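J.: Below is the structure I would like to discuss, written out as structure tokens.
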Amino acid sequence: MTATTSSAPTDSGFHQGLPMQVKNRVLLAILITTPAALLLAIIDTLFFGQQVRQAMDLEPMQIAYWTAVLTVPHIVSSLVTFFDREYVSYYKKPLIKGTFIAILLGAAVPLGFQIFLGETYGFAALLITMAFYTMYHNLMQQYGISLMMMRQPPTRDFQVWRWMTILPAGLAYTVLMASFLPVVRMNWDLLILLIGIALTIATIFGIRFLITILRNTAHTRIGLIYFVSNMGMLYVCFGLIVAGYGFLATLVPRIIHDLTAFLIYTVHDQNRNAAAVRNPVYYIPKKIGIPPVYLCLPIGVAISYLLMEVWGNIGIIVTFVTALNFMHYYMEGHMWKRGTPHRQHVPFV
């Protein structure tokens, strides 16, 4: 889920009287993932001789696979919403463009690189594109929700902070996913240094933005804590990479993003189909007394499991899921703009 940051509405443009809401305190609770990961790394280093780190020392393809396993359920949940006839009509053009982008970036571009540069660099091109788009998508979600929860508009300092963190985050993800390339291994220290420098510069603007918010008494305390917690996530993940816990560093934003998105889609599906079932996926379950709120997560997991089982080849899974991710990222840039049907069914309180 990517919230727009073009303005800072006091609400999400939702209909009144909806049965479910996205609770800000629940969104904040999800961020416990960050200190939990840090604590795990500390305990592993002090008491277990980094056995956990060694167990997480996976090949890039394995990392891509487990990323797929974790991310597909919430992507499926987002796409299930388009079984709604009114949604298909409303989002017709973005859906067509999203499908084209998915095929282009997920299959055509990597295939072209494979033909001209070989399989290794074709796979690397796919990972690099995926890494930057993923970090953009994940952080835009967190920053957009932060502004909404704080009830504050984005300042120039915020805009600089945002891009000065998205770029090094994308580079960090790329370094981890493309660590099999000789050029990455040979320049590992330099790349980590560049990431650290970018985060340091970003911190200056992040602090300036915080000072502005603190001077504005209209901000909300929980929104401020949420934004600061997201800042902390970046530094913790960078520290985990430096300490050799690269896979754990990729899991932290992944888990936070996916749990947040699942919560939002669960609320959306329940509210959208509360008065009348608009999505045929929920028709029979609701007839027998099972509301959508209990089905969003199971449906996503079940469909994802079937996909993984049918396509047992790891390469096919990664390619398919990557293309699916690109479509998902593109569509969420349209789905959660203020005034859209999706946004109208998701109140944040």
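J.: Consider Gln141 carefully, then state whether it is of a type outside the set (Ser, Thr, Tyr), modelled with pLDDT under 95 and either outside any helix (DSSP H, G or I) or over 21 Å from Ile256 (Cβ atoms) (or both). Spell out the reasoning first.
T.: Working: of a type outside the set (Ser, Thr, Tyr): yes; modelled with pLDDT under 95: yes; either outside any helix (DSSP H, G or I) or over 21 Å from Ile256 (Cβ atoms) (or both): no.
Against the criterion (of a type outside the set (Ser, Thr, Tyr), modelled with pLDDT under 95 and either outside any helix (DSSP H, G or I) or over 21 Å from Ile256 (Cβ atoms) (or both)), Gln141 does not qualify.
J.: Another question, then. Go through the stretch 189-215 residue by residue and tally those that are farther than 20 Å from Val236 by Cβ and not β-branched (Val, Ile, Thr).
T.: Number of matching residues: 5.
J.: Filter the stretch 83-97 for residues that are outside any loop (DSSP other than H, G, I, E, B) and in contact (Cβ under 8 Å) with a residue 24 or more places away in the chain and give the result. Reasoning before the result, please.
T.: Going residue by residue through the stretch 83-97, those that are outside any loop (DSSP other than H, G, I, E, B) are 83, 85-90, 92-97.
Selection gives Phe83, Arg85, Glu86, Tyr87, Tyr90, Pro94, Leu95, Lys97.
J.: Quick check on the stretch 221-230. Is at least one of its residues farther than 18 Å from Leu28 by Cβ and either loosely packed, with under 15 Cβ neighbours inside 10 Å or modelled with pLDDT under 95 (or both)? Before the answer, list the steps.
T.: Taking the stretch 221-230 as the starting set, the residues that turn out to be farther than 18 Å from Leu28 by Cβ are none.
No, the stretch 221-230 contains no residue that is farther than 18 Å from Leu28 by Cβ and either loosely packed, with under 15 Cβ neighbours inside 10 Å or modelled with pLDDT under 95 (or both).
J.: State whether the residues of the stretch 149-171 include one that is touching a residue at least 60 places away in the same chain (Cβ under 8 Å), exposed (fewer than 14 other Cβ atoms within 10 Å of the Cβ), assigned to a loop (DSSP other than H, G, I, E, B) and more than 19 Å from the chain's Cα centre (by Cα).
T.: Yes, that holds for at least one residue.
J.: If you don't mind, another one. Restricting attention to the stretch 74-82, does a residue exist that is at pLDDT 90 or above and over 21 Å from Leu199 (Cβ atoms)?
T.: Of the residues in the stretch 74-82, the ones at pLDDT 90 or above are 81-82.
From the residues that got through so far, the ones that are over 21 Å from Leu199 (Cβ atoms) too are 81-82.
Yes: the stretch 74-82 contains one or more residues that are at pLDDT 90 or above and over 21 Å from Leu199 (Cβ atoms).
J.: Taking Gly244 as the residue in question, decide whether it is on the phi > 0 side of the Ramachandran plot, in contact (Cβ under 8 Å) with a residue 40 or more places away in the chain and out of contact with any Pro (no Cβ under 7 Å at 6 or more places or on another chain).
T.: On the way: on the phi > 0 side of the Ramachandran plot: yes; in contact (Cβ under 8 Å) with a residue 40 or more places away in the chain: yes; out of contact with any Pro (no Cβ under 7 Å at 6 or more places or on another chain): yes.
Yes; evaluated as a whole, the condition is true for this residue.
J.: Next up: Check the stretch 166-187 and report whether any residue there is of a type in the set (S, T, N, Q), within 14 Å of Phe132 (Cβ to Cβ) and out of contact with any His (no Cβ under 8 Å at 6 or more places or on another chain). Outline the logic, then answer.
T.: We begin by selecting, within the stretch 166-187, every residue of a type in the set (S, T, N, Q); these are 174, 179, 187.
Narrowing the set further to residues that are within 14 Å of Phe132 (Cβ to Cβ) leaves 174.
If we keep only those that are out of contact with any His (no Cβ under 8 Å at 6 or more places or on another chain) too, we end up with 174.
The answer is yes, given that some residue of the stretch 166-187 is of a type in the set (S, T, N, Q), within 14 Å of Phe132 (Cβ to Cβ) and out of contact with any His (no Cβ under 8 Å at 6 or more places or on another chain).
J.: Of all residues in the stretch 324-344, how many are part of a loop (DSSP other than H, G, I, E, B) and either at pLDDT 90 or above or surrounded by 18 or more Cβ atoms within 10 Å (Cβ to Cβ) (or both)? Give the derivation first.
T.: Going through the stretch 324-344, the residues part of a loop (DSSP other than H, G, I, E, B) turn out to be 336-340.
Next, only the ones that are either at pLDDT 90 or above or surrounded by 18 or more Cβ atoms within 10 Å (Cβ to Cβ) (or both) stay: 336, 340.
Total satisfying the criteria: 2.
J.: To continue, here is another question. Which numbered condition in (1) modelled with pLDDT under 90; (2) in a helix (DSSP H, G or I); (3) within 29 Å of Gln16 (Cβ to Cβ) is the only one that Ile284 fails?
T.: It is condition (3) that Ile284 fails.
J.: Which condition breaks for Leu193 when tested against (1) modelled with pLDDT of 95 or more; (2) within 27 Å of Asp258 (Cβ to Cβ); (3) hydrophobic (A, V, I, L, M, F, W, C)?
T.: Single failed check for Leu193: (2).
J.: In this structure, is Leu240 buried (at least 16 other Cβ atoms within 10 Å of the Cβ), touching a Leu at 6+ places or on another chain (Cβ under 8 Å), over 16 Å from Ile128 (Cα atoms) and modelled with pLDDT under 95?
T.: On the way: buried (at least 16 other Cβ atoms within 10 Å of the Cβ): yes; touching a Leu at 6+ places or on another chain (Cβ under 8 Å): yes; over 16 Å from Ile128 (Cα atoms): yes; modelled with pLDDT under 95: no.
No.
J.: Of the numbered conditions (1) at pLDDT 85 or above; (2) under 20 Å from the mean Cα position of the chain (by Cα); (3) more than 18 Å from Thr319 (Cα to Cα); (4) not β-branched (Val, Ile, Thr), Glu86 satisfies every one except a single condition; which is it?
T.: (2)
The values are calculated or read from the model by the stated rules, or taken from the named source; none is laboratory data. Quick caveat, the model's predicted, so the values are computed rather than measured. Every residue, glycine as well, gets a Cβ built from its backbone with ideal geometry; the counts of neighbours run over all protein chains shown.
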